[in-house]
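Q: Submitted below is the structure of interest, expressed as structure tokens.
The values are calculated or read from the model by the stated rules, or taken from the named source; none is laboratory data. Source: prediction; values computed, not measured. With ideal geometry, Cβ positions are generated from the backbone for all residues, glycine too; neighbour counts draw on all protein chains shown.
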Amino acid sequence: MKFRAICENHLYSKAYSKGKRAVTSALAVYVLPDYAAKRLAKAHPEKRVMNRIGLTTSTKLGGAVVRSRCRRIMREGLRSIEKKKELKAGFLIVIAARAAAVKLKSTDIEKQLDVAFTKLDMYTQ
């Protein structure tokens, strides 16, 4: 499934400053309710509310190849989480990679995301 991306910088800033945060050794996850979710649902072909996802990697992690690999692995970990459990809809979710994420595989990132989403109470019952 393709994710709807966060494209505006001000939404990243809002998620960082006002959102709930869960930090693991390799990731920091920020969650904020998306106030434009209902408006965006009208434009969606299935008319359903979706989460908007933002992935960030700092230049401190390494070069462009390393940062792109981290983003790919985070995307795959998020996909596998959504296959197993259903996330609550209508949120801005920003996932920031930390230095430990460079060495991890997608299964490790999946476990870290699971821990973070559990802390943030993002799973539907």
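Q: Mind checking which residues of region 42-87 are in a helix (DSSP H, G or I) and of a type in the set (Ser, Thr, Tyr)?
A: THR59, SER68, SER80
Q: Which residue pairs have Cβ atoms closer than 6 Å, lie 6 or more positions apart in sequence or on different chains, and pair a first residue in region 44-63 that is under 16 Å from GLY77 (Cα atoms) and at pLDDT 95 or above with a second residue that is of a type in the set (A, V, I, L, M) and in a loop (DSSP other than H, G, I, E, B)?
A: GLY54/ILE6
Residue-by-condition table, conditions (1) touching a strand residue (DSSP E or B) at 6+ places or on another chain (Cβ under 8 Å); (2) exposed (fewer than 14 other Cβ atoms within 10 Å of the Cβ); (3) aromatic (Phe, Trp, Tyr):
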site	(1), (2), (3)
LEU40	yes, no, no
SER58	yes, yes, no
ARG69	no, no, no
ARG98	yes, no, no
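Q: Farther than 22 Å from ALA101 by Cα, touching a helix residue (DSSP H, G or I) at 6+ places or on another chain (Cβ under 7 Å) and in contact (Cβ under 8 Å) with a residue 24 or more places away in the chain - does that describe any residue in region 6-26?
A: no
Q: Which one of the conditions (1) outside any loop (DSSP other than H, G, I, E, B); (2) crowded, with 16+ Cβ neighbours inside 10 Å does THR118 fail to meet, given that it meets all the rest?
A: (2)
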